[in-house]
Amino acid sequence: MIEISDEEVNSLTAAIMKRHGIDFTCYEPKSLKRRVLRAMTVFKLTSIHELWIKILKEVDFVHPFINELSVGLTSMFRDPTFWLSLSKSLPTIVAEKGRINVWHAGCSTGEEVYTMNILIHELGLEGKVRSFASDMNTEALAQAKSGGYHILKLAEYEHNYKKFNERGSLSSYYKKEDKFGFMDSSLITNVRFEMSNLITDTNPNKYDIIFCRNVMIYFDSGAKRLVLDKFYQNLKPGGLLIIGFFDALVPIIDKEKFEFYDLNQKIFRRIN
């Protein structure tokens, strides 16, 4: 079994930050170590020394390695009760503002983006919602843009969708090609995808809703506070921040910046 020390992981992340400007230094240490070990297994590396050599000598290796470190776990209509709750409040939010801007921060392979836009379609709100979807994983972003998912995953997503809309069918939103289903491209007409690092990059735009669900679970408390402050700056007054059930942010939410909008669904509202 491969073993790496905390010092080796810290040295590795510091080098990646210095050389490539991509920050993993704020990731929760145990989680990051597991991800480094998993990545080493994927690339069939037997020691941290081998990993160092590849990072230092092989320019084309860095981004595939970083992509492996930042693999996200997501699915369409994950937590169907959340999407049911949002479907009740979204029409009112759009009606009050006319049009809204949404940021999917850490969108991974795009399942949440497509879920949101299926919701928009079924509520008759097309053309009234513009979205920005960002992630630091270039491979995940490419998949999000393509909208291609294995049919086994789509079967799981269909199960989630049925809990949201028992009379509909997720299959009406994609076309099967061999072992994959490709989501209808019309669902992302008003979506812009872009590579971005939540820790180091800035976003000058303002949003009515920011999704960042089960992304910050991997960050230490300092990084969580940093990102929460960024989201506060990026939200319009009264805008909503939607986090994941496992992000463990409630204890560090600044009560002078955010108030509970729906605590059960982990939705917070920026205080004016």
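The values are calculated or read from the model by the stated rules, or taken from the named source; none is laboratory data. Keep in mind that this is a model prediction, so the values were computed, not measured. Glycine gets a Cβ as well: all are built from the backbone with ideal geometry, and neighbour counts include every protein chain shown.
Within region 139-157, which residues are under 23 Å from residue 101 (Cα atoms) and either touching a residue at least 12 places away in the same chain (Cβ under 8 Å) or in contact with a Phe, Trp or Tyr (Cβ under 7 Å, 6 or more places away or on another chain) (or both)?
Passing the criteria: 140, 141, 143, 144, 145, 146, 147.
What do you reckon, is residue 144 modelled with pLDDT of 95 or more, touching a Lys or Arg at 6+ places or on another chain (Cβ under 8 Å) and under 26 Å from residue 218 (Cβ atoms)?
It is false that residue 144 is modelled with pLDDT of 95 or more, touching a Lys or Arg at 6+ places or on another chain (Cβ under 8 Å) and under 26 Å from residue 218 (Cβ atoms).
Say whether the condition of being assigned to a helix (DSSP H, G or I), in contact (Cβ under 8 Å) with a residue 12 or more places away in the chain and over 24 Å from residue 84 (Cβ atoms) is met by at least one residue in region 107-128.
For region 107-128, residues assigned to a helix (DSSP H, G or I), in contact (Cβ under 8 Å) with a residue 12 or more places away in the chain and over 24 Å from residue 84 (Cβ atoms): absent.
Within region 260-271, is even one residue within 16 Å of the chain's Cα centre (by Cα), touching a residue at least 24 places away in the same chain (Cβ under 8 Å) and not in a helix (DSSP H, G or I)?
yes
Find the residue count for region 1-31, including only residues that are surrounded by 17 or more Cβ atoms within 10 Å (Cβ to Cβ) and of a type in the set (A, V, I, L, M, F, W, C).
6
Is at least one residue of region 158-176 more than 30 Å from residue 261 (Cα to Cα), without any contact (Cβ under 8 Å) to a residue 40 or more places away in the chain and charged (D, E, K, R)?
yes
Somewhere in region 32-53, is a residue under 18 Å from the mean Cα position of the chain (by Cα), of a type in the set (Gly, Ala, Ser) and surrounded by fewer than 18 Cβ atoms within 10 Å (Cβ to Cβ)?
no
Could you say which residue among 160, 165 is in contact with a helix residue (DSSP H, G or I) (Cβ under 6 Å, 6 or more places away or on another chain) and polar (S, T, N, Q)?
160
Given region 151-232, what strands (runs of 3 or more DSSP E) lie entirely inside it while holding 1 or more residues that are in contact with a Leu (Cβ under 6 Å, 6 or more places away or on another chain)?
Qualifying strands (runs of 3 or more DSSP E): 180-183, 191-195, 207-212.
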